[in-house]
1. Given F240, G279, I261, which one lies farthest toward the positive end of the charge dipole of region 234-280, if we put +1 on the Cβ of every Lys and Arg and -1 on the Cβ of every Asp and Glu?
2. Based on the Cβ-Cβ distance from Y134 to D212, what FRET efficiency comes out when R0 is 35 Å, to the nearest 0.05?
3. Once neighbouring chains are kept in place and the probe is 1.4 Å, which whole percent of the accessible area of region 92-196 is contributed by carbon and sulfur?
4. Quantify, in whole percent, the carbon and sulfur part of the accessible surface of region 201-267 (1.4 Å probe; protein heavy atoms only).
5. Could I get the Rg over Rh figure for region 89-193? Both from C-alpha atoms, Rh via Kirkwood, rounded to two places.
6. Ignoring ligands, DNA and RNA, how do R184, R169 rank by accessible area with a 1.4 Å probe, largest first?
7. Between D305 and T158, what length comes free when the chain is fully extended (0.36 nm per residue of separation minus the Cα-Cα distance, one decimal in nm)?
8. Send over a whole-number figure in Å² for the accessible area per residue of region 109-251, probe 1.4 Å.
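The values are calculated or read from the model by the stated rules, or taken from the named source; none is laboratory data. Values in this document were obtained by computation on a predicted structure and should not be read as measured data. Cβ placement follows ideal geometry from the backbone for every residue including glycine, while neighbour counts extend to all protein chains displayed. Heads up: the accessible areas ignore ligands, DNA and RNA and are worked out on the full protein's heavy atoms, side chains in. Shrake-Rupley method; radii C 1.70, N 1.55, O 1.52, S 1.80 Å.
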Amino acid sequence: MIASFTTSDLTLSADKAYIKEFELFGTAKFTAYEFSPGILFELFMLLGFAETIFLFVIILRYYHNRYGTVLKPMPIVFSILLLAGGYDIFSALGLTNSIYMSEFAFMILLLTMAYRLTSNFIDAIDEVERLNLYLDTIVKARTRELEEKNNTLQMLSTTDPLTKLFNRRYLEDKLKKKVVHSERHGTPFSVILMDIDKFKSVNDNYGHDLGDQVLISISKTLLDNIRETDVAGRWGGEEFLILTPETDIVVCKTLAERLRIQIQNKSHASIDQITASFGIAQFKPDDSINSLIKRSDNRLYKAKDSGRNQVIAG
């Protein structure tokens with residue numbers, strides 16, 4: 001570019017500038033300030049024209065392979081540039097008396113490229129927003145899935161698989177928290193330890209499948225008759241424990257008696273009658289969990305020794 005403005009006959013000669021009259025397509029006539037082209041300038045124009053043809057072929061192949069057609073803005077603009085370059089070669093050789101058209105074709109090319117770049121930038125932003133939305137949807141879905149799995153794991157870790165009541169580990173954890181709460185605030189709570197009477201004979205005489213159905217049926221009876229604040233769970237085998245917060249032994253005994261009657265009156269397929277015995281104990285200031293459960297267990301065994309199907313509190 002620097003060499004193009006030297007005072008040499010090889011390039012554009014600044015000392016050979018002149019005012020020239022042009023005629024555009026045989027219609028409009030006007031004058032312009034122009035330099036006389038040298039040999040080097042004409043060579044560069046030929047090289048540039050050859051490079052334009054090369055780029056033109058590449059663009060045609062690209063658009064044809066990607067879109068199946070070349071009727072797109074860039075191939076069309078390069079076609080215009082190619083035609084303008086060919087026309088300017090004739091002008092440089094003095095075969096035509098007209099202005100150079102390449103600069104106008106380049107302006108059109110730059111405007112088209114600016115449009116394509118802007119359009120591609122907007123498309124890229126839209127794609128990023130779409131991907132962000134998709135990613136946000138995926139993250140929310142994965143979060144929900146993780147929460148569901150965590151809830152399932154939490155349920156499996158705290159629930160007895162047969163009866164769907166809370167398991168012993170969960171009951172022990174609730175007892176620990178209730179002991180701390182009772183010692184801090186001085187509020188009462190009681191526990192009911194319940195055992196199905198002669199359950200071994202049910203399994204021996206009717207089979208374990210029916211025995212499992214009895215456990216499930218009694219579990220449902222417990223859930224249907226305890227209060228919302230009460231916590232019922234399977235303590236082990238045919239034993240169940242009910243934690244009754246903010247409840248003294250008198251109210252707790254009333255609840256246990258209602259449960260005893262409901263179990264006694266419920267039918268269980270081919271079994272004539274199922275009964276249960278209950279032992280109740282209220283938490284005392286000097287109690288531990290073991291001593292509380294031990295006292296309730298003693299009342300339960302006393303109920304069984306006294307003929308079963310009864311409630312004993314103490």
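1. The residue sitting farthest along the positive end of the dipole is I261.
2. It comes to 0.15.
3. The nonpolar share, carbon plus sulfur, comes to 62 percent.
4. Summing carbon and sulfur atoms, their accessible area is 47 percent of the total for region 201-267.
5. 1.71
6. Largest accessible area first, the residues go R184, R169.
7. My answer for the length gained is 49.7 nm.
8. Using a 1.4 Å probe on heavy atoms only, each residue of region 109-251 averages 63 Å².
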